[in-house]
4 protein chains.
Amino acid sequence: MSRKKMKAPFFVVNPKSFLFGKPLMDLAHYADQLAKEHRIDILFTAPLTELAIIAQECPNLIVTSQHMDNIVPGDSMGRVLPESLKQIGVQAVVVNHADKPIPFSILASTIQRAKEVGLLTIACADSISEGQAMALLGPDIVLAEPTELIGRDQMSDRAYVTSTIEKIKEINPAILVEQGAGIRSEKDVAELLQLGADGVGVTSGIVKAENPKEMMKRMIQAVALHQKERK
Amino acid sequence: MSRKKMKAPFFVVNPKSFLFGKPLMDLAHYADQLAKEHRIDILFTAPLTELAIIAQECPNLIVTSQHMDNIVPGDSMGRVLPESLKQIGVQAVVVNHADKPIPFSILASTIQRAKEVGLLTIACADSISEGQAMALLGPDIVLAEPTELIGRDQMSDRAYVTSTIEKIKEINPAILVEQGAGIRSEKDVAELLQLGADGVGVTSGIVKAENPKEMMKRMIQAVALHQKERK
Amino acid sequence: MSRKKMKAPFFVVNPKSFLFGKPLMDLAHYADQLAKEHRIDILFTAPLTELAIIAQECPNLIVTSQHMDNIVPGDSMGRVLPESLKQIGVQAVVVNHADKPIPFSILASTIQRAKEVGLLTIACADSISEGQAMALLGPDIVLAEPTELIGRDQMSDRAYVTSTIEKIKEINPAILVEQGAGIRSEKDVAELLQLGADGVGVTSGIVKAENPKEMMKRMIQAVALHQKERK
Amino acid sequence: MSRKKMKAPFFVVNPKSFLFGKPLMDLAHYADQLAKEHRIDILFTAPLTELAIIAQECPNLIVTSQHMDNIVPGDSMGRVLPESLKQIGVQAVVVNHADKPIPFSILASTIQRAKEVGLLTIACADSISEGQAMALLGPDIVLAEPTELIGRDQMSDRAYVTSTIEKIKEINPAILVEQGAGIRSEKDVAELLQLGADGVGVTSGIVKAENPKEMMKRMIQAVALHQKERK
């Protein structure tokens, strides 16, 4: 099935399970408006049970599931069915996040299955060699953040960032490299893009900001500015 | 938070992951209409990602999640957040299905958490002694079907059915006992209710029937008839 | 197959994975000598890979595995085969420890399988209602320690201890109740036995003591004294 | 710590959990004798609980664990402690077998940890791209057998075998490539070595042979012959 075409630079709003219900919808609606205004690819994740409503109400977002099970329609209970994701309007899926690890032996087939169903994949890895290994399995985006920095105030250092990007593109230049971990302001976003990241993903930097919507706006504006300058 | 009050006899439509999208919505709408018409408690399960839409469109169903993770709002990725289930209109949750087993050590707290959030629990066990053990953990409904019969054409035998019910109520008479496994017609439904089951749950008997909606109707009518006769 | 007959009071030395190689063997040899001297049932656990040697060298200990998989001889890789445990001289097995949780749905069959193979089972639960539920599944010993106290300096309070014992024996008076968590001296051991515990299990209290062998001796002497006084 | 140096060609006897006790020891003793006689590297795996005794009695075998947990000495229960493996004389460990999958996110650190403790690693992958990805994580040996062929009578086809070897060595020429799956005779062993495999691993071909010891001997002789011819 047809899949969304991703382009750099992109931005990922990943509220994990910090938000649900109205506060989540408010953030999603605002992101939707910013995506339209700045013509930027914004991936927006949410708890599994909230994806359908966001997809209904936010046509400018690339609504993104935080997990997918490699199952087919049948007698599975309580798992994340790829076909259902596609059906409700989800366009991308995060696989192998540190909080939802996937056995190596089913990673490759999960990524393959997402493709067949028409979903983009963002595959997480937490070191450079793992990022390279992941790249061999053919996802669209590799997010290579050191697990120990997730949720912390400290950003990955410049050397780590540039060498992640270089090493992953060495394996497959078509793969987009996302940077995350420790991003606290629009300056961090701009810096990572200048270092060569194709996209930037943020959780704590937004949901724990004094004013999450304002912070998200500034970060997205930084992506938009980078996009303009690249042209 | 306030929880739905269950009453016997009830019926559970559990399409597992056999259905999604339009065929699932068609079945849900029809079940919704039958629930209203016959004033019967119908629990209706669906893939996690379809629950929100069913809850929006089917006010007469007790929309039921097929799993729940014992997490609180926070940095979890790709898990089933109890608060989100409640928020989108889900009223009940299946825990410990054979296809989504929960470690014994978190079962008790998962059932407790569902209560706090305002969700009913249907807890699965696959033998009489497990059914009794489960009853001690305080769920609303215990479904005690032998795993080896799930999806088969053979129903649990009468002795198993009556002694399951008796032994579970011995532990806690307030717990409702659901019977499932191998139910293929409205006669099976009627028989189980006559044997003392508080509710009956069906998957294959409906989704693999020649005409699923017609079969579901006949089964629900059998429940309605039983309800009338009991009065 | 024939199983060891347990009698109260018993003592459990559970070095978890704190010890291996020579320090573990030293402790085991000393426990073996104390078991012989005081004619007391001492269960001694060890990392999976050390069990065979302890069983060879310590005939007076009830050598105890820290886990068992519910598998039969066949194509399993890297799992704990019940038949092999029995073969190498292991006589008991801990199931469902907080660090090695077992899904509810395979607990009953795991306990049953241990019996068939000729192994005693010590089943862990972490609250009174879980202890009761566990008792329904038929293990030989139930260890009911609140998970949050494991490894801490604080012992379960008296009310918890006595009501655990009472409630579990209500379900099945033949089950022996072990108390653990927060035991730091021979006085704690004596107190728990006086409160009605059939046995006492210790990890940190021994391995983190200034002199582990000396502390173990004093604790075992406390068990021996209690045994004498009961006669 | 010092690790065994592997050289091609090698042979892996992997009785999985088919054997334990005396029949396992008989096979191990015979393999030990053949290893000495033919001066060949023979890796011999066994259930976790049998490793210590094999290591004691079979000095010419590279005794191999079927799993290892990435833990340090401490409060783990029922897991496979790397330090204990080394201590009892184990020299290698299989990681990520299809029957004991490891999450991608801990594979890299597990392989690294084995190195630090002084153990060789045989890492399993079940396709060419997974084999390449695995090679990036730095194991000593990659076993790349398609999961669907494990335990079957059919061998991987020649094209699969040669391209696995080529593609994995492309990533890292120092990695040894093992072939397994469907090997039923000494001819199969010889053929795989001629196709370029560094080693061959067998389970069913031996344990289900009419005369396992005789079959193992003939397979090991095939390896020895190949070794001679290469010189």
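The values are calculated or read from the model by the stated rules, or taken from the named source; none is laboratory data. Just so it is clear, the structure is predicted and the values come from calculations on it, not from any experiment. Heads up, the Cβs are rebuilt from the backbone with ideal geometry, glycines too, and the neighbour counts pull from every protein chain shown.
Give the residue that is surrounded by the fewest Cβ atoms within 10 Å (Cβ to Cβ), with candidates limited to residues of the range B:53-68 that are at the interface with chain A (Cβ under 7 Å from one of its Cβ atoms) and assigned to a loop (DSSP other than H, G, I, E, B).
B:H67
Can you name the condition, by its number, that B:S129 falls short on among (1) within 14 Å of chain C (Cβ to nearest Cβ); (2) within 22 Å of C:I171 (Cα to Cα); (3) not aromatic (F, W, Y); (4) not in a helix (DSSP H, G or I)?
(4)
Looking at (1) more than 7 Å from chain D (Cβ to nearest Cβ); (2) assigned to a loop (DSSP other than H, G, I, E, B); (3) of a type outside the set (D, E, K, R); (4) surrounded by fewer than 21 Cβ atoms within 10 Å (Cβ to Cβ), which is the only condition C:I71 fails?
Single failed check for C:I71: (1).
Going through B:D32, B:D26 one at a time, which residue ends up being surrounded by 19 or more Cβ atoms within 10 Å (Cβ to Cβ), over 14 Å from A:S84 (Cβ atoms) and of a type in the set (D, E)?
Selected residue: B:D32, the only one of B:D32, B:D26 that is surrounded by 19 or more Cβ atoms within 10 Å (Cβ to Cβ), over 14 Å from A:S84 (Cβ atoms) and of a type in the set (D, E).
Has the range D:217-231 got any residue that is more than 20 Å from D:T64 (Cα to Cα) and assigned to a loop (DSSP other than H, G, I, E, B)?
yes
For C:A174, which of the numbered conditions (1) in a helix (DSSP H, G or I); (2) at pLDDT 95 or above; (3) more than 14 Å from chain B (Cβ to nearest Cβ) fails to hold?
(1)
In the range D:170-186, what residues are touching an Asp or Glu at 6+ places or on another chain (Cβ under 6 Å) and β-branched (V, I, T)?
D:V177
Can you find even one residue in the range D:180-197 that is closer than 28 Å to D:I102 by Cα, surrounded by 22 or more Cβ atoms within 10 Å (Cβ to Cβ) and not small (G, A, S)?
Yes, some residue in the range D:180-197 is closer than 28 Å to D:I102 by Cα, surrounded by 22 or more Cβ atoms within 10 Å (Cβ to Cβ) and not small (G, A, S).
Among the residues of the range B:84-92, is there at least one that is within 14 Å of chain A (Cβ to nearest Cβ), more than 18 Å from the chain's Cα centre (by Cα) and polar (S, T, N, Q)?
Yes, because at least one residue in the range B:84-92 is within 14 Å of chain A (Cβ to nearest Cβ), more than 18 Å from the chain's Cα centre (by Cα) and polar (S, T, N, Q).
Out of all the residues in the range A:52-83, which are of a type in the set (D, E) and under 19 Å from the mean Cα position of the chain (by Cα)?
Residue satisfying the conditions is A:D69 alone.
Output the residue which, of all residues in the range B:104-126 that are under 21 Å from B:S163 (Cβ atoms) and not charged (D, E, K, R), is farthest from the other protein chains (Cβ to nearest Cβ).
Here is the first cut: in the range B:104-126, the residues under 21 Å from B:S163 (Cβ atoms) are B:122-126.
Next cut, not charged (D, E, K, R) only: B:122-125.
Numbers: B:I122: 11, B:A123: 9, B:C124: 8, B:A125: 8 Å.
Selected residue: B:I122.
With respect to A:D188, is the statement that it is closer than 24 Å to A:A209 by Cβ and part of a loop (DSSP other than H, G, I, E, B) true?
On the way: closer than 24 Å to A:A209 by Cβ: yes; part of a loop (DSSP other than H, G, I, E, B): no.
The answer is no for A:D188.
Taking B:K115 and the conditions (1) surrounded by fewer than 21 Cβ atoms within 10 Å (Cβ to Cβ); (2) at pLDDT 95 or above; (3) over 19 Å from B:L176 (Cα atoms), which numbered condition does it fall short on, given that it satisfies the others?
(3)
What single numbered condition from (1) within 17 Å of C:G201 (Cβ to Cβ); (2) outside any helix (DSSP H, G or I); (3) free of Cβ contacts under 8 Å to residues at least 60 places away in the same chain fails to hold for C:K4?
Result: C:K4 passes all but (3).
What are the residues in the range C:103-122 that are hydrophobic (A, V, I, L, M, F, W, C), out of contact with any helix residue (DSSP H, G or I) (no Cβ under 6 Å at 6 or more places or on another chain) and within 22 Å of B:I102 (Cβ to Cβ), if any?
Correct list: C:I106, C:I111, C:A114, C:I122.
Given C:P23, C:P101, which one is more than 7 Å from chain D (Cβ to nearest Cβ), part of a helix (DSSP H, G or I) and not charged (D, E, K, R)?
Within the list C:P23, C:P101, the selection yields C:P23.
Any residue at all in the range D:39-52 that's surrounded by 24 or more Cβ atoms within 10 Å (Cβ to Cβ), in a loop (DSSP other than H, G, I, E, B) and in contact with a helix residue (DSSP H, G or I) (Cβ under 7 Å, 6 or more places away or on another chain)?
Scanning the range D:39-52 turns up at least one residue that is surrounded by 24 or more Cβ atoms within 10 Å (Cβ to Cβ), in a loop (DSSP other than H, G, I, E, B) and in contact with a helix residue (DSSP H, G or I) (Cβ under 7 Å, 6 or more places away or on another chain).
Given the criterion assigned to a strand (DSSP E or B), in contact with a Gly (Cβ under 9 Å, 6 or more places away or on another chain) and at pLDDT 95 or above, identify the matching residue among B:V94, B:V80.
That would be B:V94, the only listed residue that is assigned to a strand (DSSP E or B), in contact with a Gly (Cβ under 9 Å, 6 or more places away or on another chain) and at pLDDT 95 or above.
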